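The values are calculated or read from the model by the stated rules, or taken from the named source; none is laboratory data. A quick note: this is a predicted structure, and the numbers were derived from the prediction, not measured. Note that we place each Cβ from the backbone using ideal geometry, even for glycine, and neighbour counts take in every protein chain shown.
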Amino acid sequence: MFWNAKAKRYELPHAQRQALNPEMFVDHPCPVCGAMLERYAYTKDGQDKVMLRCSILDNRRSKCKEVAYFQSRGEFWSPKFGTLKLLEPQI
Ligand SMILES: [Zn+2]
């Protein structure tokens, strides 16, 4: 945490704040456990990418391991669960 004098409050470093951003949650349930999916930003081959994964950490390590939707032409696609169409605009 650090003190943001302008906002007069303590704030998390950028990376952590991003992790807590409610906008990262997707209004679509995990196909395995029913929890919300979350956006996960990563870099591959120097390109910024976004994937969707289960938002429950414990499940990600176990039963929801294969819940991974990759961004592809405005849609998200999973090798195991197929195409996911979101109603909201994509980033
Ligand atoms: Zn799940």
Those residues of segment 44-87 which are more than 16 Å from the ligand (Cβ to nearest atom) and touching a strand residue (DSSP E or B) at 6+ places or on another chain (Cβ under 7 Å), in sequence order:
Asp48, Lys49, Val50, Phe70, Gln71, Glu75, Trp77, Thr83, Lys85, Leu86
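Among the residues of segment 17-43, write down those that are outside any loop (DSSP other than H, G, I, E, B) and modelled with pLDDT under 90.
Selection gives Arg17, Gln18, Ala19, Leu20, Pro22, Glu23, Met24, Phe25, Val26, Asp27, His28.
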Got at least one residue in segment 47-64 being more than 12 Å from the chain's Cα centre (by Cα) and surrounded by fewer than 10 Cβ atoms within 10 Å (Cβ to Cβ)?
yes
